[in-house]
Amino acid sequence: MDGTKEVGLRNVSSTCSISEMDDFDLSRLLDKPRLNIERQRSFDERSLSELSIGLTRGGLDYCEITYSPGGGSGLDTPVSSARNSFEPHPMVADAWEALRRSIVYFRGQPVGTIAAIDHASEEVLNYDQVFVRDFVPSALAFLMNGEPEIVKNFLLKTLHLQGWEKRIDRFKLGEGVMPASFKVLHDPVRKTDTLMADFGESAIGRVAPVDSGFWWIILLRAYTKSTGDLSLAETPECQKGMRLILTLCLSEGFDTFPTLLCADGCSMIDRRMGIYGYPIEIQALFFMALRCALSMLKHDTEGKECIERIAKRLHALSYHIRSYFWLDFQQLNDIYRYKTEEYSHTAVNKFNVIPDSIPDWVFDFMPTRGGYFIGNVSPARMDFRWFALGNCVAILSSLATPEQSMAIMDLIESRWEELVGEMPLKIAYPAIESHEWRIVTGCDPKNTRWSYHNGGSWPVLLWMLTAACIKTGRPQIARRAIDLAETRLLKDSWPEYYDGKVGRFIGKQARKYQTWSIAGYLVAKMMLEDPSHLGMISLEEDKQMKPVIKRSSSWTC
Ligand code: GLC
C-alpha cells in the first residue's frame, strides 16, 4: 500500500470533515511512504474553550476552532442573527436583504450573485454578471448561514463553463481556465435561460482571470468543509476540474522561480497597475489552492501524479515566498546594504536588486516591529508596495509562518492610519502618482492616486482581515475595523470602494449596492460572532514546511 493514500478522500468516511486531511504532512508526499502516522488533532477535534485561550493577545499560538456545520435555515432569517446572544446591528438585516436581491437564477435555481445592482449608475458594463471572485464572500455568507445549495449550484455551473472552448480572436486558451464571470440571459418570450461566460475575451483590456480557478478550488473546500458532504468534491467532474486548473500552473517551462508568472490585471486588480510578474495576491491564492486541492484530490492514477507535483511545488513555493518576499526592518536594512553584481551560488543579493531602487516611503513606513510580504519579486525588481489581499490570504493559508502572521498584524496595527484609515481596507499602499502613474498605469483615469486599485479602500477586504485577525488571535483589530465600516456602509449604500488617503470619500466611479461589500460585511460579522466558521477558509500550519530561519527583529521578539 502506498502510504500517501492516507490523506486521500477515498479513505475518509463521508460523514467526517475534510479538515483532518488538512493536517497533511508534506514530507509524507515527498519522502518514502510511511505507515502509522500519528495525526495531530485537527481543528475540528479541538474544543471551543481552547479558542478563548487562542484569542488572547500576545502568544504565538493560533486560535483553534471547532467544526460547526451550517444550520440550514431555509428561511429568510439569518441563522447567525437568530443565534445572537446580543442584538444584531441593524445593518445586518439590511445586508441580508440586499444580498438576497442580488441572487441570480438559472432555470429556477440560484447559481450566484450579481456583482452590483446600482440602478443609479448610467453604465452597467459587466457589473450585471456573476464574477467568480466576487461570489466567494457571498458563498461564505450562505454557507455560514446554512444555505449551501447556491454554492453547490455555482460550483457545478462554473465547472461546466470550464469545459467550453475558449478563444480570444484566433487564439485558444488553456483547457483549465475558469471564467472571470458569467451571465444568465433570460428570454421571456421563449422562456429559456442561457449562459454566457467571459474568460477574458470580453473583459476590459482582455485580462486573464488567473485567480478564478484558485478561488474555485478554495470554495470547493469551503463547501465540503462546511457541509461535511464529500460527495461533490469526489465526483470525477470536480476531480478533473481541479486537475485541469492546476495543470495550467504546474507545467514545467523556462521558469527559474516556483512562483507563477502573470500578466498585469490578472486578479482582483484587473487593470494595468504594475503587478505583472509574480504578484503576491496570485502567489498566495496559488499556494492556498494547491493546499486545498491536496486535501481533496483522490489518489487514483491521475490524481496521484498531480498530488506529487503539488507537494513538490508547495515545498519550493513556501521557501521562495517566505524568504524573498518577506520584508521587515532587518530585511530592509539588509537590502539597503546589498552589494550588487554578485555572480554564482554564493550571491547574497540573488536577484541583483539595486539598493537605489528602494523607494523613499518604505523607510518611513516600516515599523521597528512588524513586517509583510511585498508585492512582487523578480530580477532587479522588488515592488515594495503592500497588498492587503495577498497578505491576508498568506495568513489564512499558513503560507506565512505564525511569526510572520503576527508581524503582519503588528504592521496593520502600527500603520493603521495608512492601511485602514477611515474605511477598511486599503487594497494597496501607497498610491502611485505623477510620472510613475503615467508609466505604470498607462495614464488610467480610473486608477488615479488614492482611488480604485491605486490606493483605494475596499470594504470587501473586511472579511479577509477579520479572518486573519481571528486566526492570529487578535479579534479586537477586526472589531475596530468593523466599527468603522458600520459608521458608513449602509448610509452610503454599500459602495464598491472609497477614495482618498484615509478612505473618506465614496469612490469616484464606485458602484452602489456592490454585492461583495455587502457579503464581506456579513461574513466578517458572522465570523466574529462564531469563530468556528474560520475553518472553512483557513488552513492549519503544515509543520513539515519548515520556516526559513532568518535574522529578523520581528520574528524573535
Ligand atoms: C472590478 C474589480 C474586480 C471585480 C469586478 C466586479 O473590475 O476590479 O476585482 O471582480 O469589478 O465587481
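Read the figures in this text as sums done on the coordinates, not as results from a lab. Since we're looking at a predicted model, the values are computed, not measured. Reconstructed Cβ throughout: ideal geometry from the backbone, glycine too, with neighbour counts over all protein chains shown.
Here are the numbers for the structure shown:
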read-out	value
Residue order, fewest to most surrounding Cβ atoms within 10 angstrom, among 259, 113, 301	301, 259, 113
Residues of type lysines that residue 446 reaches as a straight line, Cα spacing below 29 Å, ignoring anything fewer than 8 places off in the same chain	166, 183, 426, 491, 501, 508, 512
Spacing of the two label points (7 Å from each Cα toward its C-beta) at residue 93 and residue 435, in nm	5.8 nm
Chain lengthening between residue 364 and residue 350 when straightened (0.36 nm per residue, less Cα-Cα)	2.5 nm
Net lengthening on full extension, residue 169/residue 256 (0.36 nm per residue, minus Cα-Cα)	28.3 nm
Of 377, 497, 142, farthest towards positive along the dipole that unit charges on Lys, Arg, Asp, Glu beta carbons give region 108-536	142
Estimated vicinal HN-Hα couplings, Hz - region 497-514 in sequence order (Karplus 6.51, -1.76, 1.60; Gly, Pro = x)	7, 10, 10, x, 4, 10, x, 8, 10, 4, x, 3, 10, 5, 6, 9, 6, 6
Residue-wise HN-Hα coupling along region 397-413, computed from phi with Karplus coefficients 6.51, -1.76, 1.60 (Hz; x: Gly, Pro)	8, 6, 5, 6, 5, x, 5, 5, 4, 4, 5, 5, 5, 4, 5, 4, 5
Space enclosed by the convex hull of the alpha-carbon atoms of region 434-552, per residue, Å³	166 Å³
Set of lysines with alpha-carbon distance to residue 304 below 23 Å, sequence-local pairs under 8 removed	5, 32, 225, 240, 312, 543
264, 193 arranged by Cβ crowding within 10 Å, fewest neighbours leading	193, 264
Charge dipole (debye, nearest 20) of region 108-536; +1 at Cβ of Lys and Arg, -1 at Cβ of Asp and Glu	240 debye
Computed label-point distance, nm, for sites residue 119 and residue 305 using a 7 Å Cα→Cβ extension	5.5 nm
Whole-Hz ³J(HN,Hα) from phi, Karplus 6.51 cos²θ - 1.76 cosθ + 1.60, for region 482-491, glycine and proline x	5, 4, 5, 4, 5, 6, 10, 3, 5, 4
FRET efficiency for residue 105 and residue 202, using Cβ-Cβ distance with R0 set to 25 Å, rounded to 0.05	0.70
Ranked list, fewest to most other Cβ atoms within 10 Å of each Cβ, for 469, 249	249, 469
Intensity falloff of region 108-536 expressed as log10 I(q)/I(0), Debye formula with alpha-carbon point scatterers, at q = 0.10 Å⁻¹	-0.68
Simple label model, 7 Å out from Cα along Cβ direction - residue 541 to residue 343, nm	4.1 nm
